[in-house]
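Visitor: This is the structure I have questions about; it appears just below.
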Amino acid sequence: MPSRPLHCELGMQAAIGAFTITQYSLWLPFLYFPETVRLRLANGGSPCAGRVEIHYRGQWGTVDDDLWDLLDAAVVCRELDCGTAVSAPGGAHFGRGSGPIVTWDVECSGTERALKECQSEEWDHYSISHNYDVGVVCS
């Protein structure tokens, strides 16, 4: 154990050796490795149309269509360098995905550079139906 106190912050999690801190965590910048989140569009017939899929925590998943709209699609299109959003279909328009649902209730203002910057339910791996996977069509 360290000989001096370490700064702790609420709401963060860290694992150090055999010890996992779940309620409070250590702020150790030299141990912090932010996860790279990747997006792709699947089953749309082009790189700029399809079901929105997110690579999060080592697994590809999808987004549920609760509150999904053209502003959210605009952020996805921008993040993928695909121009502007033309439509934001839900209801698994591009087919049902597999893996977890990563988030839902996405509410972007439309100016964000990445989907992860938008308001939404907490990102995680949820085991719920893929009947409402979201899609985008970009110009």
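Each reported figure results from applying straightforward, stated rules to the coordinates on display, with no laboratory input. Because the structure is predicted, anything quoted here is derived from the model rather than measured. In this analysis, Cβ positions are derived from the backbone assuming ideal geometry, glycine residues included, and neighbour counts consider all displayed protein chains.
Visitor: Among the trypsin sites (Lys or Arg not before Pro) within the stretch 45-129, which fall in a DSSP loop and have no more than 11 other Cβ atoms within 10 Å of their own Cβ?
Guide: Of the trypsin sites (Lys or Arg not before Pro), the ones in loops of the stretch 45-129 whose Cβ has at most 11 other Cβ atoms within 10 Å are ARG113.
Visitor: What's the long-distance tail for the stretch 38-138, i.e. % of Cα pairs beyond 25 Å?
Guide: Every Cα pair in the stretch 38-138 considered, those over 25 Å come to 5 percent.
Visitor: Compute the distance in nm between two label points, each set 7 Å from the Cα along the Cα-to-Cβ direction, one at GLU121 and one at GLN59.
Guide: It works out to 1.5 nm between the two label points.
Visitor: Continuing with this model, one more query. Give the Rg/Rh ratio for the stretch 39-83, taking Rg as the radius of gyration of the Cα atoms and Rh as the Kirkwood radius, to two decimals.
Guide: 0.95
Visitor: Ok, one more. Consider a paramagnetic label point 7 Å from the Cα of ARG38 along Cα→Cβ; state which residues of the stretch 74-101 have an amide N under 20 Å from it.
Guide: Once the point is set 7 Å along Cα→Cβ of ARG38, 76-83, 97-101 turn out to lie under 20 Å by backbone N, inside the stretch 74-101.
Visitor: Still on this structure, please answer the following. Could you sort the peptides 63-70, 105-112 by per-residue average Cβ neighbour count (10 Å cutoff), highest mean leading?
Guide: Going by the mean number of other Cβ atoms within 10 Å, highest first, we get 63-70, 105-112.
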